[in-house]
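**Q** Below is the structure I would like to discuss, written out as structure tokens.
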Amino acid sequence: MNEVLGSFWWYLVTIGVLVTFHEFGHFWVARRCGVKVLKFSIGFGKSLWSRTGRDGTVYSIGAIPLGGYVSMLDERVEDVPAELRHMAHNNKNNFQKILIAAAGPGFNFLLAVLAFWLMFAIGKPDHEPVLGRAEGLAAEAGVIAGSRVVAVNGEAYTTWSEVFGAVAESSVYRRDALLRVRQPDGSEQNLVLSLSRLPVDLPDRELYEKIGLYRQLPAVLGTVVEGEPAARAGLKPGDKLLAVNGQAVTGFEDFSQLLRKAASLDPVLNLSLQRDGQILDIAVTAREVEVEPGVKVHRIGVGPANGFDTLLRHDPISALPAALRETWTGTTKTLAFLRDMLIGAISPKHLSGPITIGRVANAVAKEGLAWFLGFLAAVSIGIAILNLLPIPILDGGHILSYLIESLKGSPLSERTVIVGQYLGLGMLACLIGLAVFNDILR
């Protein structure tokens, strides 16, 4: 499946699950409050599929995959027979209306907890937070290849994705990041990544190159090119490289540097490697290759393995509190992100839309189910918080209007409701437009 089709497919899967949970929350609580549900739709526009249930509710899938809705019996929208008026949404008390409105976001939070729980119970494969080559700000900070990151800004981490995420968050705010690293000799020290020096207008695609923090690739062969010196000498994928001419190898990049240095003196190399628990010594004659006019290097035709080397996992019982903590952390960080974007502390260019959701969903799906579940949980938290914003036409706007009605003791005027809906539509259109614009720029 190519990148475009894959992104579109996984976008549909992601939005389908998120919207179904969200709208089912409204549906389930409305039914418990005695409201008659007329239609349950995933997607908008022309119906691609529909059926009518025994309860009279029409279940539908719309052609436009940008959300969904639950249509309820309401006297403000249509004439309601006298015998059904007790089932109309407008005849329920404000407490019930608030419960119905809040149920959608509430089910999104529930989905986040469930997805994180499954992620931890299944086990999320990841990389060890061991640093490789250092460039840019990382080199200036004194990062040494082979060092292991144990904490970022005082928070302990055990995987590369956690470390990468913490550094990325600091870079968005242009705040210096404090790395606690364990050096190859076992000593620990604090290093400061001067992220505050990054230009505010620096494009995201150049951000990580400027930071220059990379993980160490293990000294394990992933590819051995047929016909090249390594293949002719008998090297195989999965071989773990131990030494070049007696010099110990710490990672694949270290191996490449040792190989080029040694081959520049003598192309015949003695490689020590481990295969199936046995230590082997194999002689390989490196081949000189011109990589650009006037620049030649020695190569043997191998590439690194890029597989995961650690697992973030909890037993089913301890996975629940871990999932709750992850959901709480995601919620507080998302709220802080929205607050800081509104006050101008961070750029609105970091807001993402459907194109980015599809691309990221496709990328994480390739890494496995646990990675996709973590992504699904994070987006579900975002959807929940977005819908709770006090914007008319969103769930938060409905909740706010019901609270105002409770305080004033009477419903809002029809004119106020209509004006609020137009304002809400305008605000939502601007938000979606900005997100899509950012997607296109990326």
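The values are calculated or read from the model by the stated rules, or taken from the named source; none is laboratory data. All figures in this text were calculated on a predicted structure; none of them were measured in a lab. Every residue, glycine as well, gets a Cβ built from its backbone with ideal geometry; the counts of neighbours run over all protein chains shown.
**Q** Name the residue, out of Gly62, Gly104, Gly67, that is at positive phi and either in contact with a strand residue (DSSP E or B) (Cβ under 9 Å, 6 or more places away or on another chain) or of a type outside the set (S, T, N, Q) (or both). Can you show your working first?
**A** Working: Gly62 fails: at positive phi; Gly104 fails: at positive phi.
After ruling out the rest, the residue left standing is Gly67.
**Q** Let me ask you something else. Cβ-Cβ distance below 9 Å, separation of 6 or more or different chains: which pairs start in segment 227-242 with a residue that is at negative phi and assigned by TED's automatic domain parsing to the domain that holds Val284 and end on one that is of a type in the set (Ser, Thr, Tyr) and surrounded by fewer than 18 Cβ atoms within 10 Å (Cβ to Cβ)?
**A** That search, which allows pairs on different chains as well, returns Pro229/Thr285; Arg232/Thr285; Ala233/Thr285; Pro237/Thr223.
**Q** Which residue is farthest from the chain's Cα centre (by Cα), if the candidates are limited to segment 292-341 and must be within 18 Å of Pro105 (Cβ to Cβ), among the polar types (S, T, N, Q) and surrounded by fewer than 14 Cβ atoms within 10 Å (Cβ to Cβ)?
**A** If we take residues in segment 292-341 being within 18 Å of Pro105 (Cβ to Cβ), among the polar types (S, T, N, Q) and surrounded by fewer than 14 Cβ atoms within 10 Å (Cβ to Cβ), then Thr332 is farthest from the chain's Cα centre (by Cα).
**Q** Restricting to segment 169-207, count the residues that are under 21 Å from Ala151 (Cβ atoms) and in contact (Cβ under 8 Å) with a residue 40 or more places away in the chain. Before the answer, list the steps.
**A** Our first condition is that a residue be under 21 Å from Ala151 (Cβ atoms); within segment 169-207, this holds for 169-196.
From what is left, the residues that are in contact (Cβ under 8 Å) with a residue 40 or more places away in the chain are 169, 171-173, 181, 184, 191-195.
So the answer is 11.
**Q** Kindly evaluate Glu226 against the criterion of being touching a Gly at 6+ places or on another chain (Cβ under 9 Å), under 28 Å from Thr356 (Cα atoms) and surrounded by fewer than 16 Cβ atoms within 10 Å (Cβ to Cβ). Lay out the reasoning, then the answer.
**A** Details: touching a Gly at 6+ places or on another chain (Cβ under 9 Å): yes; under 28 Å from Thr356 (Cα atoms): no; surrounded by fewer than 16 Cβ atoms within 10 Å (Cβ to Cβ): yes.
No.
**Q** Given segment 222-324, what strands (runs of 3 or more DSSP E) lie entirely inside it while holding 3 or more residues that are modelled with pLDDT of 90 or more and among the hydrophobic types (A, V, I, L, M, F, W, C)? Don't jump to the end; show me each part of the working.
**A** On the way: elements: 240-244, 268-275, 278-285, 287-292, 295-299, 302-304, 310-312.
In segment 222-324, 240-244, 268-275, 278-285 are the strands (runs of 3 or more DSSP E) which contain 3 or more residues that are modelled with pLDDT of 90 or more and among the hydrophobic types (A, V, I, L, M, F, W, C).
**Q** Check segment 57-68 and report whether any residue there is under 13 Å from Val35 (Cβ atoms) and outside any strand (DSSP E or B).
**A** Just the residues of segment 57-68 that are under 13 Å from Val35 (Cβ atoms), to begin with: 57.
Checking which are outside any strand (DSSP E or B) leaves us with 57.
So far as segment 57-68 goes, yes, one or more of its residues are under 13 Å from Val35 (Cβ atoms) and outside any strand (DSSP E or B).
**Q** Test Arg232 against the criterion of being basic (Lys, Arg) and either surrounded by 17 or more Cβ atoms within 10 Å (Cβ to Cβ) or under 30 Å from Ile282 (Cβ atoms) (or both), and give yes or no. Quick ask: steps written out before the conclusion?
**A** Numbers: basic (Lys, Arg): yes; either surrounded by 17 or more Cβ atoms within 10 Å (Cβ to Cβ) or under 30 Å from Ile282 (Cβ atoms) (or both): yes.
So Arg232 passes the test.
**Q** Of everything in segment 68-92, what is closer than 29 Å to Gly16 by Cα, without any contact (Cβ under 8 Å) to a residue 40 or more places away in the chain and of a type in the set (Gly, Ala, Ser)? Give them in sequence order.
**A** Across segment 68-92, the qualifying residue is only Ser71.
**Q** Looking at (1) within 19 Å of Thr250 (Cα to Cα); (2) buried (at least 21 other Cβ atoms within 10 Å of the Cβ), which is the only condition Arg148 fails?
**A** With (1) within 19 Å of Thr250 (Cα to Cα); (2) buried (at least 21 other Cβ atoms within 10 Å of the Cβ) applied to Arg148, the lone miss is (2).
**Q** Can you name the residue in segment 42-85 that is of a type in the set (A, V, I, L, M, F, W, C), at pLDDT 85 or above and more than 29 Å from the chain's Cα centre (by Cα) and, of all such residues, is farthest from Gly433 (Cα to Cα)?
**A** Top of the filtered list is Leu84.
**Q** Out of (1) surrounded by 15 or more Cβ atoms within 10 Å (Cβ to Cβ); (2) part of a strand (DSSP E or B); (3) more than 26 Å from the chain's Cα centre (by Cα), what's the single condition that is false for Val35?
**A** (2)
**Q** I would also like to ask the following. Could you tell me whether any residue of segment 108-121 is small (Gly, Ala, Ser) and within 30 Å of His398 (Cβ to Cβ)?
**A** Initial filter on segment 108-121 (small (Gly, Ala, Ser)): 112, 115, 121.
Keeping just the survivors that are within 30 Å of His398 (Cβ to Cβ) gives 112, 115.
There is at least one residue in segment 108-121 that is small (Gly, Ala, Ser) and within 30 Å of His398 (Cβ to Cβ).
**Q** Let me ask something else. Being over 30 Å from Leu312 (Cβ atoms) and assigned to a helix (DSSP H, G or I) is the requirement here; does Ile399 meet it? Step through it out loud before you land on a result.
**A** Numbers: over 30 Å from Leu312 (Cβ atoms): yes; assigned to a helix (DSSP H, G or I): yes.
In short, yes.
**Q** Same structure, new question: Of all residues in segment 187-201, how many are loosely packed, with under 10 Cβ neighbours inside 10 Å and within 21 Å of Gly154 (Cβ to Cβ)?
**A** Restricting attention to segment 187-201, the residues satisfying the condition of being loosely packed, with under 10 Cβ neighbours inside 10 Å are 187, 200-201.
Going one step further and asking which of them are within 21 Å of Gly154 (Cβ to Cβ), we end up with 187.
Within segment 187-201, residues that are loosely packed, with under 10 Cβ neighbours inside 10 Å and within 21 Å of Gly154 (Cβ to Cβ) number 1.
**Q** In segment 1-20, which residues are assigned to a helix (DSSP H, G or I) and surrounded by fewer than 21 Cβ atoms within 10 Å (Cβ to Cβ)? Talk me through it step by step, then tell me what you get.
**A** Of all residues in segment 1-20, those assigned to a helix (DSSP H, G or I) come to 3-20.
Hits for segment 1-20 are Glu3, Val4, Leu5, Gly6, Phe8, Trp9, Tyr11, Leu12, Val13, Gly16, Val17, Thr20.
**Q** Being over 29 Å from Asn306 (Cα atoms) and part of a helix (DSSP H, G or I) is true for just one of Lys349, Lys366. Which residue is that? Spell out the reasoning first.
**A** Working: Lys366 fails: over 29 Å from Asn306 (Cα atoms).
Among Lys349, Lys366, only Lys349 is over 29 Å from Asn306 (Cα atoms) and part of a helix (DSSP H, G or I).
**Q** Taking segment 70-94 only, how many residues are assigned to a loop (DSSP other than H, G, I, E, B) and surrounded by fewer than 13 Cβ atoms within 10 Å (Cβ to Cβ)? Walk me through how you get there before you give the answer.
**A** We begin by selecting, within segment 70-94, every residue assigned to a loop (DSSP other than H, G, I, E, B); these are 73-81, 88, 92-93.
Checking the rest, the ones that are also surrounded by fewer than 13 Cβ atoms within 10 Å (Cβ to Cβ) come to 76, 78-79, 81, 93.
Total meeting the criteria: 5.
**Q** Now, a different point. What are the pairs, 6+ residues apart or on separate chains, where a residue within segment 379-397 that is closer than 12 Å to Ala115 by Cβ has its Cβ under 6 Å from a residue that is assigned to a helix (DSSP H, G or I)?
**A** Close Cβ pairs (under 6 Å, with a partner that is assigned to a helix (DSSP H, G or I)) amount to Ser380/Leu18; Ser380/Asn108; Ser380/Leu111; Ser380/Ala112; Ile381/Ala112; Ile381/Gly330; Ile381/Thr331; Ile381/Thr334.
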